[in-house]
Structure formats: C-alpha cells, structure tokens
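Student: Right, I'll just put the structure down here and ask away after.
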C-alpha cells in the first residue's frame, strides 16, 4: 500500500510538473505568436504594395518584355565589344587573314561587324575548288570560326587575251593557262566569326 501511495503521489507530482511546464511554454509562445502575426501582416502589406507598384509600372510602360530584355542584353554585349574595339588591331586581323587565305584567292573587301564579331569577305577565285579551299582554310585557322558562304556566282571574265610575262614562258604559256582554266571567275561573299583570343 505504501508503495502504491508513493507511486500515486509521484504520478501526481509528474502530472503537475508537466502541466506547469506546458503552461510556461504557452505563456512564452504568446509573444512569439503575436510577433509572427505582425510579420505575416507586414509581409502581406509589402506584397500588396509590390503588386500595386508592378501594376503602376505596367501602366506607365516602365516594364520590359522578354524580347526587350533580350535586346537590352544584346546592347550591353555590343557596348562591351565597343570597349574592346578601342584595342582592336587591324594589323593583327589582316595578318591572320593573310595566314588563312590560300593562294589563287583575290579579296576585294573586308568589312568588320563589331556587333556580331564577324567579318564579311568579298572576293573572287578562279574555280569552285578554290572557293572550297578558302572556306576550309578559314575553318581550320585558330582565329576564325563559323564560316558561312552567303553567296557565290560564276561570271565570265571581262578581260580577254593573254597578258605578257604573267606566266613563266611568256605570252604563249599564259595563253595556254587561260585556255586551260577558262575565262571565268567565281565571285563570293562569306562571313566568318573572328576573335584573336579564340
């Protein structure tokens, strides 16, 4: 009986202690709940203000669409390239072109597009294999990438007759060479990506 009463009183004390701890936790949680409610109210208010601000920006035309954002990124990239343009070396470009362009190719113009980091080459070759050779040579060069042949046309040469001493052996050898290759030229335009630090 004594052990049973001791056990009962122990249980009563344990229950009372548990109730006291629960009451203390409840009292301590009240300020936290009030703070959480205030934070939730503040968050809802800020979200509503953000929504109203975003609506106002849309009405005032101050927002950017995905296309406008893409254009802005492109313009920033172009501005960075213009900054690099201050140290751009035409001498290096022409030297790299001289290395990359095979013989029997006549380049008539070189146009640099800083915005796209590309070069437009206009020129002429004697045969279509010569045209393939310049494309392959540019592709294999370390400073050029993405060669795109935009157009080419075969055109009869406007000059006729041999030119003296243009080939070893004099006029007869020149005439034979012209007759062998045909009096035509292949005019071409191609673009190629260029960067000296590829």
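The values are calculated or read from the model by the stated rules, or taken from the named source; none is laboratory data. Since the model is a prediction, treat every value here as computed from it, not as a measurement. Don't worry about glycine lacking a Cβ; one is built from the backbone with ideal geometry, like all the others, and counts go over all protein chains shown.
Student: Mind listing whichever residues of region 113-133 are touching a helix residue (DSSP H, G or I) at 6+ places or on another chain (Cβ under 8 Å), closer than 24 Å to residue 91 by Cβ and outside any strand (DSSP E or B)?
Tutor: Across region 113-133, the qualifying residues are 114, 115, 117.
Student: Considering each of 42, 108 in turn, give the residue that is at pLDDT 85 or above, surrounded by 10 or more Cβ atoms within 10 Å (Cβ to Cβ) and touching a strand residue (DSSP E or B) at 6+ places or on another chain (Cβ under 8 Å). I'd like the intermediate steps shown before the answer.
Tutor: Numbers: 42 fails: touching a strand residue (DSSP E or B) at 6+ places or on another chain (Cβ under 8 Å).
Going through 42, 108 in turn, the sole match is 108.
Student: Restricting the search to region 55-74, which residues are within 21 Å of the chain's Cα centre (by Cα), surrounded by 11 or more Cβ atoms within 10 Å (Cβ to Cβ) and modelled with pLDDT of 75 or more? Working first, answer last.
Tutor: Let us first name the residues in region 55-74 that are within 21 Å of the chain's Cα centre (by Cα), namely 64-74.
Subset that is surrounded by 11 or more Cβ atoms within 10 Å (Cβ to Cβ): 64, 69-72, 74.
Matches in region 55-74: 69, 70, 71, 72, 74.
Student: Something else about it: Just to check your reading of the model, which residue among 93, 128 is within 30 Å of residue 188 (Cβ to Cβ), at pLDDT 85 or above and in the same structural domain as residue 154 (by TED's automatic domain parsing)?
Tutor: On the way: 93 fails: at pLDDT 85 or above.
128 is the lone residue from the list that is within 30 Å of residue 188 (Cβ to Cβ), at pLDDT 85 or above and in the same structural domain as residue 154 (by TED's automatic domain parsing).
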